[in-house]
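Structure first, then comments.
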Amino acid sequence: MTKVPSPRKHYTENEMSLNPIPSPPIARKHQTETLVHGVPLADDYAWLRDKQNPEVTAYLEAENAYADAVLAPLNGLREQLYQEMLSHMKQTDISVPYRDGAWWYYSRTEEGSQYAIYCRKHAAVEQTPGAPGPDSGTWESSPEQVILDGNELAKGHAFFAIGDTDITDDGRFLAYTTDTTGFRQYTLRIKDLETGETLPGEVERVGSIVWAADNCTLFYTVEDEQQKRQFQLWRHTLISLHTRDELVYQDDDERFNVGVGRTRDGKFLVVESASHTTTESRVLAADQPEGSFALISERHDDHEYSIDHRNGLWFIRTNDSGRNFRLVTAPVATPGRSHWTERIPHRDDVMLEEIDLFAGFFIACERENGLPRLRLWNFSGDGPEAARTAEIAFPEPAYSAHPHINRIFETTTFRYGYQSLVTPSSVYEYDVASGASTLLKQLEIPGGFDRTLYASERVHATAPDGVQVPVSLVYRKDKREPGRNPLYVYGYGSYGYSLPIGFSSNRLSLLDRGVVMAYAHIRGGGDLGEPWHDAGKMLVKRNTFTDFIASVEHLTAAGFGDPKRVAIEGGSAGGLLMGAVSNMRPDLFRAVLSHVPFVDVMNTMLDASLPLTVPEYEEWGDPNHENYFQYMLSYSPYDNLKAASYPAMLVKTSLNDSQVMYWEPAKYVAKLRTLKTDNNTLLLVTNMEAGHGGASGRYDYLKEIALDYAFLLRELGIVSR
């Protein structure tokens, strides 16, 4: 490991003058102990859970002050990084407009404004569902109507986010939800777009929302007050007050969350109850909103399915015959499993992630060899028979591709998004008849970005059990020095989430300084289908951690980075990864950047009153059962801290985080301070006004990234200490 100067001696980049740093805050200990399965769980810092305790606030603020003092010599670099990233942002911009009913919808941003402005323009009669240019005559001739201005709605709030939105078929009424704390607790309001007035009344703790076809009835889900589980479906009509809204459905199983939506053809409302491993759907004709929802297929443990509708048939994506899903159809009148007819079989090597269904065709969104595929199936007529006729080709070794906004059911085109580690986010329109893709918009990167300077690769690392783990890489070609570059490795590896391989202009600030950046597609994620997820959860969760360690070892052995200059990053469940691998192999990493980390696994998963705990028994295991308890205890970062030399760490959290409570990283840092035997930097930074995703404004968010990058650049030796 690189020798690190005393943490009490830091030098400014300009003056190299001695800058004394105060001692880090030391949290008081208050011994508590719980006996679980005969094992005592001691917790000296449980008192930090009391959010209302002034002593807790004072401790978090003291940690913030300490971090400010330690990082003060980097203030100039932070500002430089912020200005660099800002220079690559097109601050005044407009999204690709999409057609929905009689309107074109889009969002735009203005220089100096933190939030997007959501707008629409009425479609001229002669326009067809294509891609209007914002400079075309028909576009300019229609006046703009602002639907929601995030900047106006955010006034007076340190945090602001828009949740779900939906507009009636006639385009008049907008239902939308907003969060002003970061706790992901959204308030429902309805706006009359004809008059511009917001209707009286609002509903708290709302999740998903959808209008019925009568332009008057709104369905919405509500979470319970304690566990933040969407468990109820309510019906509201514009002619009545919210106090008279009707409870339509309630799911009492604590594993399940309820969501509501509508089929693409607009004919049916769908309410779905879903756990991590099981789903159940009910449907109602959208033009009969006062009716009762009918069951498609009753829930069975470990059976997941999703539905859409076309010409009197349900198209059902189901994992009833294999973990990677297949596609079946069933008549509307008899949707049960005994009436299912297979259309696409299950395949061991191909994950069927989604079906995008239209009147004349559908797109099978699949994942093969760790990469997304978009495959076209054309219907031969009004029936369910379809033939696979084409695949949209992508030119790079690692990329992300996904459906974009496609609201028109009767269409001959399909919009999709594409990007890679070196290609900015792009929106294409695919012509089903010709097979040609037309670029509608590629994110403009100001400030002199030249993509030919950068290269992307995909390599494979060998895990301890012989499994090949994909790793995606990006670097600046003229900065590559085999075996000498600082190396940054990002990982997640949970919930079956496939790590997206996308473009970030912010990343240029690291690449242009010679950092090689890598993204490890470790088990526990969904990069190679559901079996890849299964191989990194529950009682084999440790595969996630050993895959990541093997990835770092492979990259340094292959010359992609200097073994003494490795930084790693992960957030949320990826923060668990950071904590676990830092305990297992602290010698392997120079610096760790951990965002909202899930590090206090045992105390959280043993507390069923917390949000997410019970539903997540299906991802981590239920520690009330001894086998799961012992296994989870073997890797829980907080419980496995010990006297050792640890990498430099920047641990970040938010006071209003509802997914991983702030006290997990706070307790972790407090405990680690008493155990670490090194002089490496250890910082806890708490955003006192945000939630799981950090700052909500786009400029504020850039400043948070600038702090992260300044920390990494210093610890990797790219800038002086």
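Descriptive notes on the structure:
- DSSP beta bridges fully contained in the chain are about 85 percent antiparallel.
- Within the straight-line cut-off of under 15 Å between alpha carbons, the aspartates and glutamates reachable from residue 29 are 43, 44, 50, 55, sequence neighbours fewer than 8 places apart in one chain being disregarded.
- Legend: ranking of residues 467, 36 from fewest to most surrounding C-beta atoms inside 10 Å; resulting order 36, 467.
- Taking the inverse of the mean 1/r over every pair of distinct Cα atoms in region 268-358 gives a Kirkwood hydrodynamic radius of 13.5 Å.
- With 10 Å bins beginning at zero, the pair-distance distribution over Cα atoms of the chain amounts to 3, 13, 23, 27, 21, 10, 3, 0 %.
- Using Cβ point charges alone (K and R +1, D and E -1), the dipole size of region 322-445 about the Cα centre works out to roughly 260 debye.
- Taking only the C-alpha atoms of region 484-631, the Rg (one decimal) and the largest Cα-Cα distance, Dmax (whole number), read 16.0, 50 Å.
- Once divided by 2.2 N^0.38 Å, the Cα radius of gyration of region 455-563 becomes 1.07.
- Amide H within-cut-off set for residue 215, under 5 Å, with H built and near neighbours excluded: 169
- Helical runs assigned H by DSSP (4 residues or longer) give the chain a calculated mean residue ellipticity at 222 nm of -5000 deg cm²/dmol, each run adding -39500 (n - 2.57) before division by the residue total.
- Computed from Cα positions, the angle between helix 698-715 and the longest principal axis of the chain comes to roughly 30 degrees.
- Per-residue HN-Hα couplings for region 108-114 [Karplus 6.51, -1.76, 1.60; θ = phi - 60°; Hz; x = Gly/Pro]: 9, 10, 10, 4, x, 9, 6
- DSSP-defined antiparallel bridges as percent of all bridges, region 455-563, nearest 5: 70 percent
- Per-residue Cβ neighbour rank within 10 angstrom, fewest leading, 415, 49, 347: 347, 49, 415
- Label-to-label distance, residue 640 versus residue 477, with points set 7 angstrom from Cα along the beta-carbon direction: 4.1 nm.
- Taking other Cβ atoms within 10 Å as a rough exposure proxy, 594, 23, 456, 275 sort from fewest to most as 23, 456, 275, 594.
- Placed amide H near residue 147: partners under 5 Å, 5+ positions off or other chain: 118, 119, 120
- Long-range HN-HN contacts of residue 103 with modeled amide H, under 5 Å: 123
- The orientation-averaged shadow of the Cα convex hull for region 322-445, equal to a quarter of the hull surface, comes to 8.8 nm².
- With respect to the chain, whose longest principal axis is taken over its alpha-carbon atoms, helix 663-675 is tilted by about 20°.
- Ordering of 656-666, 293-303 by packing [mean C-beta count within 10 Å, highest first]: 656-666, 293-303
- P(r) tail fraction, region 208-248 - alpha-carbon pairs more than 11 Å apart, %: 64 percent
- Across region 180-336, Cα-Cα pairs more than 27 Å apart make up 28 percent of the total.
- Between 0 and 90 degrees, the angle of helix 54-71 with respect to the longest Cα principal axis of the chain falls at about 70 degrees.
FYI, it's all coordinate maths here, none of it is from the lab. As the structure is a computational prediction, the values presented were derived from the model and not from experiment. Heads up, the Cβs are rebuilt from the backbone with ideal geometry, glycines too, and the neighbour counts pull from every protein chain shown.
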